[in-house]
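Encoded as structure tokens, the structure appears first; notes follow it.
The values are calculated or read from the model by the stated rules, or taken from the named source; none is laboratory data. From a predicted model like this one, the values you see are computed outputs, not experimental measurements. Cβ coordinates were reconstructed from backbone atoms using ideal geometry, including for glycine residues, and neighbour counts include every protein chain displayed. Only protein heavy atoms, including side chains, enter the accessible area calculation; ligands, DNA and RNA are left aside. Shrake-Rupley method; radii C 1.70, N 1.55, O 1.52, S 1.80 Å.
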Amino acid sequence: MASLKEFLKEKKYKVFDLQQIHTNHLKIKMKLNGVDGDFIVDTGASNTCIGLGGIQKFELNTEVSDVKAAGAGATEMETHKAIKIPVKIGRWKTKIDLVVLDLSHVNIALKNHLSEEIDGIIGADLLQKGAAVIDYSKNRLYLKKL
């Protein structure tokens, strides 16, 4: 019987290692606009998002959004959006719309648990686009080649 990795490679998936941090979140490096960042994979987040500091870091053009964000202990957060941003994880790439919001409460919680700050969160929008499979026993993310 083929391993999950072999099976998914036959189905044109790319495999990426995830790093488990002190909070048990899974972290991965991702490039936005060609700039490296650290992101948590969050299957419960509807959208991929970055913190406000990411506007400069990733050289994004943003516009104010009418959408109010909620999650991770915060509600009614003001948001911005960045449209059709090039995203690259390893050799897998696509373009997505990003939600930009204040993630300081997330980074404070991570620091309180001796984990490094993150630039953003990979949400269901990107995971669905890549038909993602997560192997929690091996800390791997599989994304289907587009």
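The table that follows gives values for the structure above.
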quantity: Residue check for K29: touching a Lys or Arg at 6+ places or on another chain (Cβ under 7 Å) and assigned to a strand (DSSP E or B); calculated: no
quantity: Given (1) under 20 Å from K145 (Cα atoms); (2) open to solvent by 80 Å² or more (accessible area, probe 1.4 Å); (3) at pLDDT 95 or above, number of the condition L18 does not satisfy; calculated: (2)
quantity: Subset of region 4-15 [assigned to a helix (DSSP H, G or I) and open to solvent by 60 Å² or more (accessible area, probe 1.4 Å)]; calculated: L4, K5, E6, F7, K9, E10
quantity: All positions within region 21-40 that are open to solvent by 60 Å² or more (accessible area, probe 1.4 Å), touching a residue at least 40 places away in the same chain (Cβ under 8 Å) and charged (D, E, K, R); calculated: K29, K31
quantity: Condition check for I55: closer than 16 Å to V99 by Cβ, surrounded by 13 or more Cβ atoms within 10 Å (Cβ to Cβ), aliphatic (A, V, I, L, M) and at pLDDT below 95; calculated: yes
quantity: Test: residue in region 109-120 that is modelled with pLDDT of 95 or more and in contact with a Ser or Thr (Cβ under 9 Å, 6 or more places away or on another chain); calculated: yes
